[in-house]
Amino acid sequence: QVQLVESGGGLVQAGGSLRLFCEVSGRTFTSYAMGWFRQTPGKEREFVAHISRSGGSTVHADSVKGRFTISRDNANNTVFLRMNSLKPEDTAVYYCAAANNFLGTRAGDYDYWGQGTQVTVSS
């Protein structure tokens, strides 16, 4: 059974940085394409970024392009989201997700989800 655990969230002032971590267990990590999503109350889960199984291909949402960077360390079964120049509108619960087959920008493309980690950016 696949387990995903996010960490690294917290409170930061606008303009600051955070790095999120997602540890994956249960199967071979390289079996999965990985993604990051975020969600605020009353809104749909929003695509942030995804990365291929090898790490050779990444896509970032326009809203975070140039500020956030997704990466993965396959030797340690971990995916990262480096967040720079944070804005108050980045405040959300951030979720790590894994896809058995194809990755994409829709939440329905992913098969497994972590519990989320809260990121709060003060105005």
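The values are calculated or read from the model by the stated rules, or taken from the named source; none is laboratory data. Owing to the predicted nature of the structure, the values given are computational and were not obtained by experimental measurement. Backbone-built Cβ (ideal geometry, glycine too); neighbour counts: all protein chains shown. Just so you know, the surface numbers come from the protein's heavy atoms only, side chains and all, with ligands and any DNA or RNA stripped out. Shrake-Rupley method; radii C 1.70, N 1.55, O 1.52, S 1.80 Å.
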Checked against (1) over 18 Å from E23 (Cα atoms); (2) not in a helix (DSSP H, G or I), R82 satisfies every condition except (1)
In segment 1-23, the residues that are open to solvent by 60 Å² or more (accessible area, probe 1.4 Å) and assigned to a strand (DSSP E or B): Q3, V5, L11, Q13, R19, F21, E23
Hits in segment 106-119 (condition: within 20 Å of Y32 (Cα to Cα) and open to solvent by 40 Å² or more (accessible area, probe 1.4 Å)): R106, G108, D111, Y112, W113, Q115
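Per-residue answers, yes or no, for (1) closer than 20 Å to A14 by Cβ; (2) surrounded by 14 or more Cβ atoms within 10 Å (Cβ to Cβ); (3) in contact (Cβ under 8 Å) with a residue 40 or more places away in the chain:
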position: S25; (1), (2), (3): no, no, yes
position: A33; (1), (2), (3): no, yes, yes
position: R38; (1), (2), (3): yes, yes, yes
position: A49; (1), (2), (3): no, yes, no
position: R53; (1), (2), (3): no, yes, no
position: T78; (1), (2), (3): no, yes, yes
position: Y94; (1), (2), (3): yes, yes, yes
position: G104; (1), (2), (3): no, yes, yes
position: V121; (1), (2), (3): yes, yes, yes
